[in-house]
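Notes follow the structure.
Derivation of every value follows stated rules applied to the coordinates shown; laboratory data play no part. Please read all numbers here as calculations on a predicted model, not as lab measurements. Don't worry about glycine lacking a Cβ; one is built from the backbone with ideal geometry, like all the others, and counts go over all protein chains shown.
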Amino acid sequence: MAKLREDFLWGGAVAAHQLEGGWQEGGKGVSVADVMTAGANGVERTITDGVLPGYNYPNHDAIDFYHHYKDDVKLFADLGLKAFRTSIAWTRIFPNGDETEPNEAGLQFYDDLFDELLKNGIEPVITLSHFEMPYHLVTEYGGWRSRKVIDFFVRFATTVFKRYKNKVRYWMTFNEINNQANVGTEFALFTNSGVKVKPGEDAEKVMYQAAHYEVVASALAVQIGHQINPDFQIGAMIAMVPLYPISPRPADIFKAERAIQTRYWFADVQANGEYPAWLTRYQERAGFNLDITLEDRDVLKQGKVDYIGFSYYMSNTVKAKDDEPDSYKYEEDKDIVRNPTVEASEWGWQIDPQGLRYAMNWFNDRYKLPLFIVENGFGAIDKLDADGHVHDDYRVNYMREHIEQMELAVDVDGVDLIGYTPWGFIDLVSAGTGQMDKRYGLIYVDKNDKGEGTLARSKKDSFYWFQNVIKTNGEDL
Ligand code: BGP
């Protein structure tokens, strides 16, 4: 099988705040990730009011990539990576977010990192905003509630586009921008938008306004990026979770359709350059009275993305309520039901390799754009065996089955795929738990949830397996 492009970007994906550490080094400012504590034993992470004494913030040190990147890049080259997806921490470049001049030490750090990667034949793939907006923009402007943040983001994007225009070709604007559709959780809205919903406020309305400013900012970045370097490929980054109806009952089918619309309108806007009709009607009927101007609509049209980057971990299944009203609404925290036909991970993430092929076909049919799988992988509590190594056959199985489906989508279904960068291919801090416990790595990092460990890196079994997959361009799984 396989038939992947000759220049297929086999890679690995991370985000600055989940691996760099050095949270106060090189003039870096405080980000929204820096004010989120570790979760524990099923307890959600807490968003504190700034960085407070007495709380545990594992992101602050993470795996200290900030100081280890040279050795780490050697390991990445040994793995055979062609691409390394990371984010540029906004707070290293504009520590508060609203400065007019960038922080040179932050810019230099990424220059050095990109040089090191390129020297080793690895192409950097960059996310501009991966759950790391400057916390100052939250306290001063209410995060993406404010239209002013568009200008700050555009300044940040323009600065890094210009600086790295000869080093980076593939960019993405906002990581998993659509996760905030889940307004039932504080986490999704805060990490994406820096927004905290106040008592008595309509979370949905707040989300639609913040998300609107983000899609406008994204479209502006696409336009500006193309002016700076016409070769830039600037993509969306969508958290793709296929949503299946639990039964053939028409109400369930339509509920799944509304769920898909609710989660993926972000991609519609970023790829098609306009809001889908159902959403405009929905927002009008709800009386949200959003600040969406004619000029904004024009910006959206002029700033369509070049490709769809997406994460894929699982599928979900939805069920209609018996008395679903005409104005169907999808509420992620209430409408998802367990799919009895698939297994799930310890965190309840349903394992569905074929869902990846489905998702790729779905994107392809809907947008006719190249795709880039920029996250996929299996989070687990790894155990070091007596020989001091992690034998993670469960991770190899997960990846093999997903890559098989990915190749079917390319070879049999004709999907145009740029690359595949598994998530957290070097162990890092989990976004969900805020801890080291949930690991995705092919490279083990010696650090536990108490912050103890030597930070030594070692290869898991999955490392050698993936090395061979890359070497054979996906022929030998
Ligand atoms: C995505 C995020 C990543 C990441 C990954 C795994 O939602 O883009 O930042 O961490 O999922 O999630 P978790 O760490 O919660 O297992």
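Brief remarks on what is shown
- Cα gyration tensor category, rounded, prolate or oblate, for the stretch 160-249 with a/c compared to 1.5: oblate
- Dipole magnitude for the stretch 9-471: about 620 debye, using +1 per Lys or Arg Cβ and -1 per Asp or Glu Cβ, origin at the Cα centre.
- Label-point gap, in nm, between Asp298 and Lys165 - each point 7 angstrom along Cα→Cβ: 2.5
- Kyte-Doolittle at least -0.5, axis length at least 24 Å by Cα - qualifying DSSP helices, the chain: 203-228, 250-272
- In this structure, Glu99 and Lys119 have a Cβ-Cβ separation that, at R0 = 41 Å, corresponds to a calculated FRET efficiency of about 0.85.
- Under 25 Å from Lys459, Cα to Cα: lysines that are on another chain or at least 8 residues apart: Lys70, Lys74, Lys82, Lys119, Lys383, Lys438, Lys447, Lys450, Lys471
- Gain upon complete extension [Ser345, Asn361; 0.36 nm per residue less C-alpha separation]: 3.3 nm
- Excluding the site residues themselves, the longest part of the chain lacking any GluC sites (Glu not before Pro) in a DSSP loop with at most 11 other Cβ atoms within 10 Å is 7-200.
- Filtered trypsin sites (Lys or Arg not before Pro), the stretch 325-427: DSSP coil and at most 10 other beta carbons within 10 Å: Lys368, Lys383
- Loop-located chymotrypsin sites (Phe, Trp or Tyr not before Pro) in the stretch 28-98 (DSSP state other than H, G, I, E, B) with a sparse environment of at most 16 neighbouring Cβ atoms within 10 Å: Tyr55.
- DSSP assigns beta bridges within the stretch 222-318; of those with both partners inside it, close to 0 percent run antiparallel.
- Prolate/oblate/rounded label for the stretch 141-200 (Cα gyration tensor, a/c 1.5): oblate
- Gain on full extension, evaluated as 0.36 nm per residue between Trp278 and Asn41 minus their Cα-Cα distance, stands at 81.3 nm.
- Three-way shape label, the stretch 68-147, alpha-carbon gyration tensor, a/c 1.5: prolate
- Neighbours of Leu137 by Cβ distance under 14 Å: Lys/Arg scored +1, Asp/Glu scored -1, total -2.
- Cut-off 17 Å (backbone N to label point 7 Å along Cα→Cβ of Tyr55), residues of the stretch 179-195: 186-195
- Distance histogram in 10 Å bins (all Cα pairs of the stretch 9-471, percent per bin): 4, 21, 33, 29, 11, 2, 0
- Taking 0.36 nm per residue of sequence separation and removing the Cα-Cα distance, the Ser458/Ser327 pair yields an extension gain of 41.8 nm.
- Residues of the stretch 21-40 with amide N under 14 Å of the 7 Å Cα→Cβ point at Glu140: 29-31
- Taking every DSSP beta bridge that has both ends in the stretch 9-471, the antiparallel portion is near 25%.
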